[in-house]
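The values are calculated or read from the model by the stated rules, or taken from the named source; none is laboratory data. For clarity, every value in this text was computed on a predicted model and none was experimentally measured. FYI the Cβ positions are ideal-geometry reconstructions off the backbone, even for glycines, and counts take in every protein chain you see. Heavy atoms of the whole protein, side chains included, go into the accessibility calculation; ligands, DNA and RNA do not. Shrake-Rupley method; radii C 1.70, N 1.55, O 1.52, S 1.80 Å.
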Amino acid sequence: MIKKFIDKLFGKSDSTESAKRVKKSPFGQRQDVGAKEHGIDPKLVDQRAMDVVHTLKQAGFEAFIVGGAVRDLLVGLRPKDFDVATDATPEQVKSLFRRAFIIGRRFRIVHVIYGRGREHEVIEVSTFRAHLDSSLAEQVGGNERTSKSELAGMKHAVDASGRVLRDNVWGPMEEDAARRDFTINAMYYDPETQVVVDYHNGIKDAKKKIIRMIGNPALRYREDPVRIIRAVRFSAKLNALGFTFEDKTAAPLREMKGLLADVPQSRLFDEMLKLLQTGHALASIEQLKALGLGTGIYPLLDVVVDAAHEPFLNLALKDTDRRVGEGKPVAPSFLLSCVLWGDVRDGWARRRKRGEHVMPALQEAIDDAFNARIGDVSGRGKLGADMREIWTMQPRFEKRVGSSPYSLLEQPRFRAGFDFLRLRAQTGEVETELAEWWEKFSTAYDDERHAMIEEARQAQLQKPQHPRVRVKRQDAESVGATGTTRPPEQQHAAPESSSEQGDFAPAKKRRRRRKPVSRDANGGGSSEQTLPDATSNS
């Protein structure tokens, strides 16, 4: 007490307490780091992201490139996506851009769209959010499936477990930084001044190659359990560069996995796709296994982890990682069709062995795979339709005569179907020659295509032709022309000639068409020509 009184008397108390407050502050301490220290190459920054920042700043707002893009720039990578953070509200952001859309309920953000079609680019713009303790927020029962009526009018709401259900309370940048998950994702880069604003020693952690959660890791995973999956994704992406988890950040991952059960399936489905389509699918699977998260996150992800060592899926995952690395687009439908192909292929083979026709057997196998693995998430929508098209193309590739090759080539999903065929050929499911033929046919001129089809037709004629066996119904086989039952030894015997077949086939009854008769005014018959009999050859 005496020491405190003396410190207060000499003015030491305020500075000491202030230092303690800064140290304990959840918002960190702002550091503005110049270009010489952080070393970011401005040439790696996307021009459209710079345009968004410039437009917002011209309108009088603060704006920074934020998140994973800054992290990638710091380690010398060209980011795949650019996010922007600003103090402008979503409505103010939308008013500044011609093609901008406010999306989301849980977190309202703005998508600024550049370009059209498959070449379009989305810059995601979010507003600085306030850091609110769950005790200061509205408590709502349930989980993220909570009805809109319960959340109506609320800007910040959490459930009993501490999970954030709605968070649209705007605040200053230092509080927004404290809301972000990892220190290496909580930096703000101004591409015009080339200054990085760092509140939580993100640059230092990036240099030490440490993945560290801001705040209490267990509490942060509870706020948003999807951070568990993000942690795996970041670790897999940065593992090749030598990044590792801080012990406190990795420790709660396995025990917190159960929290994912309350997250909507659609959100988990999207996170699973990010895990497999960011160019580090195989590394992500290894991280899941290493962290004890190989099962129980999402049913379809369990299938991927379990079957990743199988030749076909392993090759598909490697091919996906390669395409992402080369900057080529990756369709979710193609990757998921590869994931479920083992189920479809096995079910198809079983039905074919029982003597079912090719396409009906394949369709039934597809339905079984969807019902067992996907359910109602995406198996009945556009994604599921694209997957079905890829699978149902496979038996059509076997037909290389007539007009079939031309009609197949005109299918919108032909390239995806062919890439799928190519993977099957590389793993020995089909002949390599078949994939090579279609590769050549797809790029050939019309006369070359015609020659290829003719060559395939001649090759087919030279193959031994197996006579078709017509499967007849039991009642047609067992009843003869006289209405008597055929002997058992003759009921299943195939006829050797048409005359022999006629001996046992029941005679067809001819129905004579009644000739139209017209009468004149006197009631007499007419001599006008009548229509020929239906059974006449004339």
Using the Cβ atoms and a cut-off under 11 Å, what net charge is assigned to the surroundings of LEU241, where Lys and Arg are +1 and Asp and Glu are -1?
+2
Quickly work out the LYS382-to-LYS204 label distance, labels modelled 7 Å from Cα along the C-beta direction, and quote it in nm with one decimal.
4.7 nm
For ALA130, list long-range residues whose amide hydrogen, built 1.01 Å from N in the peptide plane, is under 5 Å from its own amide hydrogen.
VAL169, TRP170, GLY171
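With a 1.4 Å probe and all protein chains left in place, how much of the accessible area of the stretch 373-452 comes from carbon and sulfur atoms, in whole percent?
Values: 1960 of 4140 Å².
It is 47 percent, rounded to a whole number.
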Residue-ordered couplings for the stretch 350-367, obtained by feeding phi - 60° into the Karplus form 6.51 cos²θ - 1.76 cosθ + 1.60 and rounding to whole Hz (Gly and Pro as x), are 4, 5, 5, 5, 7, x, 6, 5, 4, 5, x, 5, 5, 4, 5, 5, 5, 4
Which of the three applies to the stretch 197-244, rounded, prolate or oblate, going by the alpha-carbon gyration tensor with a ≥ b ≥ c and a/c under 1.5 meaning rounded?
oblate
Relative packing of peptides 34-43, 389-398 - highest average C-beta neighbours within 10 Å first:
389-398, 34-43
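Could you tell me what percent of the accessible area of the stretch 28-79 is made up of carbon and sulfur, with a 1.4 Å probe and every protein chain present?
Details: 1150 of 2610 Å².
Reported share for carbon and sulfur atoms: 44 percent.
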Carbon-plus-sulfur fraction of the accessible area of the stretch 214-298, 1.4 Å probe, in percent?
50 percent
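Mind checking the per residue accessible area of the stretch 285-434 for me, 1.4 Å probe, whole number of Å²?
Values: 6990 Å² over 150 residues.
Here the per-residue accessible area is 47 Å².
Above 17 angstrom, tally the Cα pairs of the stretch 354-463 and express them as a % of all pairs, no decimals.
On the way: 3630 of 5995 pairs.
More than 17 Å apart: 61 percent of the Cα pairs in the stretch 354-463.
Taking a threshold of 30 Å on the Cα-Cα distance, which of the pairs LYS94/LYS257; LYS36/LYS208; LYS318/LYS440; LYS43/LYS209; LYS43/LYS94 fall above it?
Working: LYS94/LYS257 37 Å; LYS36/LYS208 18 Å; LYS318/LYS440 24 Å; LYS43/LYS209 23 Å; LYS43/LYS94 27 Å.
Table pairs above 30 Å Cα-Cα are LYS94/LYS257.
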Simple label model, 7 Å out from Cα along Cβ direction - LEU315 to LYS80, nm:
2.3 nm
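Using the Cβ atoms and a cut-off under 12 Å, what net charge is assigned to the surroundings of ASP205, where Lys and Arg are +1 and Asp and Glu are -1? Before the final figure, lay out the partial values.
Numbers: positive: ARG71, LYS204, LYS207, LYS208, LYS209, ARG212; negative: ASP198, GLU246.
Around ASP205, the surrounding residues sum to +4.
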When you count, for each residue, the other Cβ atoms within 10 Å and take the mean per peptide, how do 78-84, 238-244 rank with the highest first?
78-84, 238-244
Subtracting the Cα-Cα distance of ILE103 and ALA59 from 0.36 nm times their residue separation yields 13.6 nm
For a protection proxy built on the mean count of beta-carbon atoms within 10 angstrom, sort 296-303, 350-357, 404-411, 64-71 highest first, please.
64-71, 296-303, 404-411, 350-357
Accessible area per residue of the stretch 181-260 at 1.4 Å probe, in Å²?
37 Å²
